[in-house]
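The values are calculated or read from the model by the stated rules, or taken from the named source; none is laboratory data. Small disclaimer: the values here were computed from a predicted structure and weren't measured. As a convention, Cβ positions derive from the backbone with ideal geometry for all residues, glycine included, and neighbour counts pool all protein chains shown.
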């Protein structure tokens with residue numbers, strides 16, 4: 001059995017080409033992808049300075065209602081809520097992508113090592129670490145790490161990566177335990193191929209479909225966690241995010257002004273919902289049991 005055994009079917013079509021065809025015919029998946037791409041374009045425009053460059057400027061009166069000039073109105077000190085909402089989209093993608101990549105990479109590495117050396121002290125040590133981290137409530141653990149590292153601009157990112165890798169590691173460990181018993185892996189071991197080479201060249205590439213789905217799940221979890229941490233004052237410090245907007249709106253809502261709260265909540269809901277549906281469609285498309 002070759003390393004391509006898991007990715008090439010009887011008719012020569014790869015798992016990826018079959019998954020692409022299946023995903024392309026998933027109407028919900030395609031619509032959700034379109035929404036995610038629209039958010040991504042907004043975030044890219046902010047990065048390039050095309051729009052939302054005046055998000056921090058006081059440009060209008062206090063609590064101005066929605067109008068042609070201020071699409072979402074202004075906040076308590078006269079800042080444009082629409083511009084701040086667009087800038088927060090950039091923050092969401094920045095946090096989501098960095099955390100998703102970091103957590104997925106760490107989970108893949110530790111999960112693959114634990115799976116390949118299953119039954120040894122290495123496996124037991126990694127499982128023990130996962131158990132310890134899992135025993136602490138998620139939000140409390142992330143908040144504690146973020147608070148400890150709050151002097152660092154990367155405190156929130158490190159906190160989330162430190163916890164999000166566990167789910168990915170467990171899945172990859174189980175998959176690697178199955179893959180390492182296949183003939184091509186045993187053959188590589190028999191001829192003396194380095195163990196790390198076997199893990200990174202022959203085993204991990206065949207888990208990429210799992211890692212892709214896990215990355216999308218981590219992306220969504222990171223956005224939601226950032227909103228909670230920023231609301232608690234442990235998240236974004238220099239910049240703007242939907243969590244900070246919701247935090248700022250606390251007193252505004254009591255005064256009967258809901259624009260700030262609604263703008264942040266609706267935009268966050270739209271991105272999270274679209275990404276969840278995209279992740280579900282992607283998982284269905286990449287499931288080897290359903291790909292034909």
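For the structure I just gave you, tell me whether residue 52 is under 28 Å from the mean Cα position of the chain (by Cα), surrounded by fewer than 15 Cβ atoms within 10 Å (Cβ to Cβ), part of a loop (DSSP other than H, G, I, E, B) and at pLDDT below 90.
Criteria not met by residue 52.
Any idea which residue in the range 112-124 is farthest from the chain's Cα centre (by Cα), counting only those that are surrounded by 14 or more Cβ atoms within 10 Å (Cβ to Cβ) and assigned to a helix (DSSP H, G or I)?
Among those residues, the one meeting the criterion is 122.
Among the residues of the range 233-272, count how many are surrounded by fewer than 14 Cβ atoms within 10 Å (Cβ to Cβ), part of a helix (DSSP H, G or I) and in contact (Cβ under 8 Å) with a residue 24 or more places away in the chain.
Qualifying residue count for the region: 1.
Would you kindly identify the helices (runs of 4 or more DSSP H) lying entirely within the range 135-226 that contain at least 2 residues that are surrounded by fewer than 21 Cβ atoms within 10 Å (Cβ to Cβ) and at pLDDT below 80?
138-148, 183-190
Just checking, how many residues over the range 19-40 are surrounded by 13 or more Cβ atoms within 10 Å (Cβ to Cβ) and not in a helix (DSSP H, G or I)?
Result for the range 19-40: 1.
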